[in-house]
Each structure stands twice: as C-alpha cells, then as structure tokens.
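These notes are about the structure you will find just below.
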Amino acid sequence: MPHTIALVGGTGPEGRGLATRFALAGHRVAIGSREAARGVDAARELAERLAGHGVAADRVTGGDNAQAVADADIVVVVVPYAAHRATLEGLRSALDGRIVVDAVVPVVFDRGPRPVDVPAGSATEEAAEILPASRVIGAFHNLAAEVLLDPDAPVDADVLVTGGDAEAKQTVMALAGEIAGVTAVDAGPLRFSRFVEGLTILLIGINGRYKAHTGVRIAGLSDHQ
Ligand SMILES: NC(=O)c1ccc[n+]([C@@H]2O[C@H](COP(=O)([O-])OP(=O)(O)OC[C@H]3O[C@@H](n4cnc5c(N)ncnc54)[C@H](OP(=O)(O)O)[C@@H]3O)[C@@H](O)[C@H]2O)c1
C-alpha cells in the first residue's frame, strides 16, 4: 500500500535523496522545510527530475515542516543534529501516534567528522524521549545522499533498522526494502541506534579517504532473508 511520507528538513541532500527513492517506489512524498516556499521549490524540482521516471507530479509536494507532516503516515527526520531537539519539540503534538523515522547522525565537522555525545545514547533514543506518543524507529543513517539523489545510480547497501515497536519496525523495513538495491536488516532495539549512527561517521571518513560514497553490508545473512 502506498504511504504518504514526510521529510522533515527534506530540502537537504539526504531528505531529497530519500524522497527520490520513496517516490520511485510509488509513495507520495512531502518535502518539509522551515520556510514553506523552500519546501515547495524543492518538491517542484524533484517532481521535474522524476517526471521521466514514471513519478506523477502530484505525488511530490512541499511546504513547511508542519504542513508536510500533516497528512503523512510516516515521517522521516533529516535535519542536522544541532536542530534535532528543537525541531522535534516544535512538531511533538503533530507527530503523536505517527511512525517517526530518525535518520539523524550526531556529528560535527571539525577537521573531519567527530561524534557528538548524546545524553540519551543516540539521536534516535533522544527522539523517542522527546516524542513519547510517537512510534520512533531508527533507519537510513548509512545511505549516502549523493547516491540516493541520482535516480539512475544503483544503491548497494543495507539499511539497519532499530526500534522497539515491532509493527512500525516492520513497516519501515518493508519501505527500506522497496529501494532498489537495498536490504533491510533488523538491527535490534533503540539502544543499538548509537552504533548505527556511529557507523556513518566511519563511512564519512572512508568516503573522504577513498573519494567514494560508501554504505554498509552485513555479511552472513543471505540464508536468513
Ligand atoms: N548527507 C548525507 O549523505 C547523510 C547520510 C546519512 C544521514 N544523514 C543525516 O541526515 C540529516 C540531514 O542531512 P543533510 O546532509 O540533508 O543535512 P543539511 O542539508 O545540513 O540539513 C537538512 C535540512 O535541515 C534544515 N535545517 C538546517 N538547519 C536547521 C535548523 N537550525 N533548524 C531546523 N531545520 C534546519 C534545512 O532545511 P530548511 O532550511 O529548508 O528548513 C536543511 O536543508 C543529518 O542529520 C545527517 O547527519 C545525512
């Protein structure tokens, strides 16, 4: 069944990249921004780019973050970590009961990527603390925006999914698995999110050294999926 997926902070490369892949998979996407006009512009550009790929323009909309989440059954959070808490607090009541997928990596750049110490343990656990009435899941942290943004580029990566709400996790794993080339892996409860988020910092460093856009693959699961 097609979902309506909101991208909070969706004007950035990761949000536009994930929106690209969700739209290609047949879902409706809503690009959210602090400024409604920026969300609308990003949606128009994305719709134009995907017009030749069988995506109807009316399946890609944009607005401010509150407008974007209003009709969504899945909300993906893709703001910088510095904006994480304030953004979620501002949307808290709108996100009640929704599946909220946190893809935020607590990282700062200071002569290379460095992890930010998160008191809750991880950005995803922080989201669960801020949004006690939402169904918070961690996913998509390890997918490079540069690859996602090119509708013709193959994605060759696993998506590690964390969370305690089994039904919500299954929904997000199915969504991840619809991205061509992606395998979804159940990475356990929310408390393991710190490792998934931390892996991205490792990948950013590897990307810099190899001038590549890397992802992760978990070995040894081919007989179990
Ligand atoms: N880039 C990647 O390859 C990648 C891969 C995996 C995970 N991630 C994670 O995904 C998230 C988004 O990454 P990105 O590269 O797309 O980030 P980004 O471009 O720096 O930020 C995304 C959007 O967040 C909004 N934003 C910026 N500052 C904000 C603030 N102070 N308050 C509220 N909203 C703010 C902006 O949208 P508006 O100005 O339109 O509001 C911006 O376009 C990050 O947490 C990152 O760690 C990124």
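The values are calculated or read from the model by the stated rules, or taken from the named source; none is laboratory data. Owing to the predicted nature of the structure, the values given are computational and were not obtained by experimental measurement. Backbone-built Cβ (ideal geometry, glycine too); neighbour counts: all protein chains shown.
Before moving on, here are some points about what is shown:
- As a summary of the residue check, Ala25 satisfies the conditions (1) touching a residue at least 60 places away in the same chain (Cβ under 8 Å); (2) within 16 Å of the ligand (Cβ to nearest atom); (3) not basic (Lys, Arg) except for the one numbered (2).
- Residue in segment 56-68 that is near the ligand (Cβ under 10 Å from one of its atoms) and over 16 Å from the mean Cα position of the chain (by Cα) present: yes
- Verdict on Ala6 being in contact with a strand residue (DSSP E or B) (Cβ under 8 Å, 6 or more places away or on another chain), within 15 Å of Ala103 (Cα to Cα) and away from the ligand (no atom under 12 Å from the Cβ): yes
- Cβ-Cβ under 6 Å pairs, at least 6 apart or on other chains, segment 76-87 side part of a helix (DSSP H, G or I), far side β-branched (Val, Ile, Thr): Tyr81/Val104; Tyr81/Val116; His84/Val104; Thr87/Val79
- Taken together, Asp152, Asp165 contain a single residue that is of a type in the set (D, E, K, R) and in contact with a strand residue (DSSP E or B) (Cβ under 8 Å, 6 or more places away or on another chain), which is Asp165.
- Helices (runs of 4 or more DSSP H) (entirely within segment 89-187) containing at least 1 residues that are within 18 Å of Val76 (Cα to Cα) and away from the ligand (no atom under 15 Å from the Cβ): 123-130, 166-177
- Which numbered condition Ile74 misses (of (1) crowded, with 16+ Cβ neighbours inside 10 Å; (2) within 15 Å of the ligand (Cβ to nearest atom)): (2)
- Residue check, Val108 among the hydrophobic types (A, V, I, L, M, F, W, C) and surrounded by 14 or more Cβ atoms within 10 Å (Cβ to Cβ): no
- Hits in segment 188-225 (condition: among the basic types (Lys, Arg) and not in a loop (DSSP other than H, G, I, E, B)): Arg191, Arg194, Arg209
- Cβ separations smaller than 7 Å between residues 6+ apart or across chains give the following pairs from segment 139-154 residues that are under 18 Å from Val101 (Cβ atoms) and modelled with pLDDT of 95 or more to residues that are within 7 Å of the ligand (Cβ to nearest atom) and not in a helix (DSSP H, G or I): Ala139/Ala103; Phe140/Ala103; His141/Ala103; His141/Val105.
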